[in-house]
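K.L.:
The structure is given below, and queries will be raised subsequently.
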Amino acid sequence: MINRAGLGIACALGAAGLYGLVPNFVRAAIGNGIPAIESTLFRTFMIAVVFSMIAVVQGERLAVPRPALPSFIGQSVATLFVSVAYLGSVQFIPVGLAVIIFYLFPVLIMVLAPLVEGRNPGILRILIAVVAFFGLAIAVGPSFDSLDIRGIFLAALASAGATLQFFSGRAISRYMSPAAFGSLVHMVILPPVLLIALYAGSGTLRFLPGGPATGTGLLFMSGVALVYVIAYMAQMLSLRFAPASTIAPFYNLEPVVATVTAAIILNERMQINQYAGGGLVLAALVASSLVGKWKK
């Protein structure tokens, strides 16, 4: 197992910065005639094609070794949850709030690490986890009645999926390169994503010629695919170089990028309690990374 924490952290920061653009591009595409699930479908198709080409050029086999099968299944399920649920949540709740809920996953990774990786988080990290959940309660609580429960549920489901994605990504990287398993994972989830998109669109896809999608919408949808291809590769490389519990806290860059970009691109403003609660969640993530560094 490769363990190069410096490279893992660098890849994690790059992936987090790019991922922060994705929900905003999706929200912008929604405003221009393209539903979130169709942006998900397009990016899933593109990453499957691009990663397959990379794997073939590198001379890698597009097959899952038997020992990697459990982690491959976990990665496929997790990626489906993240792809559909996270991007779908911004159709019902503000991007900033979706990010706050979704970004509980580094805390979940930290808490579950003793079971998965045999790493004891210690009392300080447990307290940090409590602060993060308290921050989430502040962000969601006062305005819960005015929020769409579908968006909250989808963002929470995506957070659980991201937790599984990190642990399974680290496990599968023992046997396969990111390009090889990344292409196969997205090939596996492409049919269910297509079925969901067709069901949501009553049998039609709006981004196809003749649909209501605008040129601007198509541009943002393409941006979603381009950014995701690069970010997913960087994320899986980060897991190849370092354990999930080491690099997960550094993904706290994503909510910062997502919130700032939402304000710039979408002119989106959250309520005071959402900023306060999100600040606590972000502070907890930063504290988690500092505690991990201090313990080393």
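K.L.:
Among the listed residues Leu97, Leu69, Leu115, which satisfies the condition of being surrounded by fewer than 18 Cβ atoms within 10 Å (Cβ to Cβ), of a type in the set (A, V, I, L, M) and either modelled with pLDDT under 80 or touching a His at 6+ places or on another chain (Cβ under 9 Å) (or both)?
P.N.:
Leu115
K.L.:
Looking only at region 107-118, how many residues end up being within 17 Å of Leu239 (Cβ to Cβ) and in contact with a Pro (Cβ under 8 Å, 6 or more places away or on another chain)?
P.N.:
Summing the residues that are within 17 Å of Leu239 (Cβ to Cβ) and in contact with a Pro (Cβ under 8 Å, 6 or more places away or on another chain) in region 107-118 gives 3.
K.L.:
Regarding region 209-217, can at least one residue be identified that is in contact with a Phe, Trp or Tyr (Cβ under 8 Å, 6 or more places away or on another chain), aliphatic (A, V, I, L, M) and crowded, with 18+ Cβ neighbours inside 10 Å?
P.N.:
yes
K.L.:
Also, I was wondering about something else. Among the residues of region 221-232, is any closer than 15 Å to Ser173 by Cα and not acidic (Asp, Glu)?
P.N.:
Within region 221-232 (the criterion being closer than 15 Å to Ser173 by Cα and not acidic (Asp, Glu)), the answer is yes, since at least one residue qualifies.
K.L.:
Would you kindly identify the helices (runs of 4 or more DSSP H) lying entirely within region 6-106 that contain at least 1 residues that are touching a Pro at 6+ places or on another chain (Cβ under 7 Å) and of a type outside the set (Val, Ile, Thr)?
P.N.:
69-81, 95-102
K.L.:
Within the set of pairs 6 or more residues apart or between chains, which connect a residue that is free of Cβ contacts under 8 Å to residues at least 24 places away in the same chain inside region 98-113 to a residue that is hydrophobic (A, V, I, L, M, F, W, C) with Cβ atoms less than 7 Å apart?
P.N.:
Final answer for the pair search is Val111/Ala129.
K.L.:
Which one of the conditions (1) touching a helix residue (DSSP H, G or I) at 6+ places or on another chain (Cβ under 8 Å); (2) closer than 20 Å to Leu97 by Cβ; (3) modelled with pLDDT of 80 or more; (4) not aromatic (Phe, Trp, Tyr) does Ile264 fail to meet, given that it meets all the rest?
P.N.:
(1)
K.L.:
Hey, any hits in region 209-232 for a residue that's polar (S, T, N, Q) and more than 19 Å from Val84 (Cα to Cα)?
P.N.:
Yes, some residue in region 209-232 is polar (S, T, N, Q) and more than 19 Å from Val84 (Cα to Cα).
K.L.:
Could you check region 7-41 and list, in sequence order, the residues that are under 17 Å from the mean Cα position of the chain (by Cα) and polar (S, T, N, Q)?
P.N.:
Asn24, Ser39, Thr40 - these are the residues of region 7-41 that are under 17 Å from the mean Cα position of the chain (by Cα) and polar (S, T, N, Q).
K.L.:
Only one of (1) in a loop (DSSP other than H, G, I, E, B); (2) surrounded by fewer than 22 Cβ atoms within 10 Å (Cβ to Cβ); (3) touching a Leu at 6+ places or on another chain (Cβ under 9 Å) is not met by Met176, so which one is it?
P.N.:
The failed condition is (2).
K.L.:
I'd like to verify a number: residues in region 148-173 that are farther than 15 Å from Tyr232 by Cβ, among the charged types (D, E, K, R) and part of a helix (DSSP H, G or I), how many?
P.N.:
Summing the residues that are farther than 15 Å from Tyr232 by Cβ, among the charged types (D, E, K, R) and part of a helix (DSSP H, G or I) in region 148-173 gives 1.
K.L.:
Going through Phe181, Phe220, Phe167 one at a time, which residue ends up being buried (at least 17 other Cβ atoms within 10 Å of the Cβ), at pLDDT below 90 and farther than 20 Å from Glu60 by Cα?
P.N.:
On inspection, the qualifying residue turns out to be Phe167.
The values are calculated or read from the model by the stated rules, or taken from the named source; none is laboratory data. Since the model is a prediction, treat every value here as computed from it, not as a measurement. Here the Cβ is made from the backbone with ideal geometry for all residues, glycine too, and neighbour counts use every protein chain on show.
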